[in-house]
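Only one structure is covered here, and it is reproduced in the block below.
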Amino acid sequence: MTKDKEELTNTDAKPEEKKMTRLTNNIHLTDEQYLDLLKRIRQDLDTIKEIEAVDCTDIGNKHTQVNVGLCAGVLTPNGWYKDKYTTIETAMWPSDFRTVGKSKHMYPQQFAMKYRKHNHKCPLDKRKKGDYSIGCFYSCLAFKEKNLTIEAVKKLYDRTIAERSNNDRQV
């Protein structure tokens, strides 16, 4: 059992303490979840024919995503975009995530994946250093490189997965 799950199932804690523990200690993807995310996207790249980069500027529904990036999303029936690769284990609010499809009043936050840590870089992010968990639109290869191919993206994922796998073995 992980530390996060132990804290969440602490039966001695008061209800308000359980809630605070959940909100403060379990908001980032673990390194294992991040590596699994990279592998799932890489597997899907074999079925994707072309890169689609969306920069929607609609008032009240602003979203930016790339179908081959960590920001990949899908349009829900009620018009919201949700993270394509969020699972019950990686959802920011797992209890809300379970209700998807049962309510027509779902909001994007209820589909949200946990935050990436500062070193969880998207393979399409061309920044050399810094906090990779946020703000990658201006450094995303899908928006900056007009001739980017699926094959090139596969190589970026393969390299990132290999680097992360090697880092995990050395720790």
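The calculated FRET efficiency for residue 139 paired with residue 36, based on their beta-carbon distance and R0 = 25 Å, is about 0.55. Loop-located trypsin sites (Lys or Arg not before Pro) in segment 23-63 (DSSP state other than H, G, I, E, B) with a sparse environment of at most 15 neighbouring Cβ atoms within 10 Å: 49, 62. Label sites at residue 131 and residue 167, each approximated as a point 7 angstrom past Cα along Cα to Cβ, lie 1.7 nm apart.
We did not get these values from a lab; they are worked out from the coordinates using the rules stated. Quantities reported herein were computed from a predicted structural model and do not represent experimental measurements. In this analysis, Cβ positions are derived from the backbone assuming ideal geometry, glycine residues included, and neighbour counts consider all displayed protein chains.
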